[in-house]
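Here's the structure, in C-alpha cells; my notes come after.
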Amino acid sequence: NAGVTQTPKFRVLKTGQSMTLLCAQDMNHEYMYWYRQDPGMGLRLIHYSVGEGTTAKGEVPDGYNVSRLKKQNFLLGLESAAPSQTSVYFCASRLTGFNQPQHFGDGTRLSIL
Amino acid sequence: AQRVTQPEKLLSVFKGAPVELKCNYSYSGSPELFWYVQYSRQRLQLLLRHISRESIKGFTADLNKGETSFHLKKPFAQEEDSAMYYCALAKTSGSRLTFGEGTQLTVNP
C-alpha cells in the first residue's frame, strides 16, 4: 500500500510556465484535496473533490485548476505560474463518513522564478 | 465560518518538561477536531482525534466545548517530539478541514 503519492517531489518553473501536479491514492478514498503550505499560514485548501468527476473550490483557488477523471487520481494544474505560487503543495485523501482523518502525501516543493 | 487559532507559532521546552500546545476554535455546531504532526520535511500525520479519546505517543487532547478549545498536552516532552503541530477542525460530517497556523515545538536536551 503506497497510500498517497505525489509527483513530482521538486520542480522549478519560470514565471508564465504551466505544469501539472499529480496525486494518486490506492486506498479507494472518495475525497481528495490539494493544499498549499506557506510559513506562518498553515495549510490552505486550494481545491477538493468529493468523488470522481466532481471538484470544488477551497479557500485559495485562484490561479489553479483541478481534475478528477479517475477516482484514484487528482490533478492540480497551474496554467501560468506566478512567483506567489511558490510553495509546498500537499495532496490528501480520506474516506467518507464521520471523523475520518485525511491521509497526506509527501508534498511537492515548487519554486517559481 | 469556522476558524482555528493556534496562538503560539513557536514553543520551546526542555526535555522532561510538560508541554501544552493551544488550540482554540470557533464553530457553532459540534466539531470534529484533530491534531496533525509534521516532522522535519515529512508528510503530515494524524496524531489524534477528539472522538477517539486516545493517547498517542504520550499526547492527549480534551475537547472543551465551553472554552471552545482542544489543547494538546504531554506531561514529559521528549526530543523526538520536536515537530510542527497543526490543529484542525471539520464541521459535523463535513468534507473539509480548516487548519490552524501551526505551532513549531522544539524540545531542547
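Bear in mind that the values in this text are calculations on the coordinates, not laboratory data. Just so you know, these numbers come straight off a predicted model, no measurement behind them. Reconstructed Cβ throughout: ideal geometry from the backbone, glycine too, with neighbour counts over all protein chains shown.
Tally time: how many residues in segment B:36-60 are under 20 Å from B:Thr98 (Cβ atoms), within 13 Å of the chain's Cα centre (by Cα) and not polar (S, T, N, Q)?
Result for segment B:36-60: 8.
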Quiz prompt | Filter result (of a type in the set (Gly, Ala, Ser), within 25 Å of A:His103 (Cβ to Cβ) and exposed (fewer than 15 other Cβ atoms within 10 Å of the Cβ)) within segment B:53-87 | solution = B:Ser55, B:Gly58
Quiz item: If we keep just the residues of segment B:38-54 that are more than 9 Å from chain A (Cβ to nearest Cβ) and not in a strand (DSSP E or B), which is nearest to B:Lys91 (Cα to Cα)?
Solution: B:Arg53
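Residues checked against (1) in a strand (DSSP E or B); (2) surrounded by 14 or more Cβ atoms within 10 Å (Cβ to Cβ); (3) within 14 Å of another protein chain (Cβ to nearest Cβ):
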| position | (1), (2), (3) |
| --- | --- |
| A:Gly16 | no, no, no |
| A:Tyr48 | yes, yes, yes |
| A:Asn65 | yes, yes, no |
| A:Leu76 | yes, yes, no |
| A:Ala81 | no, yes, no |
| A:Val88 | yes, yes, yes |
| A:Thr96 | no, no, yes |
| A:Gln100 | no, yes, yes |
| A:Arg109 | yes, yes, yes |
Quiz item: If a residue has to be of a type in the set (D, E, K, R) and under 9 Å from the mean Cα position of the chain (by Cα) to count, how many in segment B:21-35 make the cut?
Solution: 1
Practice problem: Taking B:Glu8 as meeting all but one of (1) in contact (Cβ under 8 Å) with a residue 60 or more places away in the chain; (2) assigned to a strand (DSSP E or B); (3) among the charged types (D, E, K, R), write down the number of the exception. | Solution: (2)
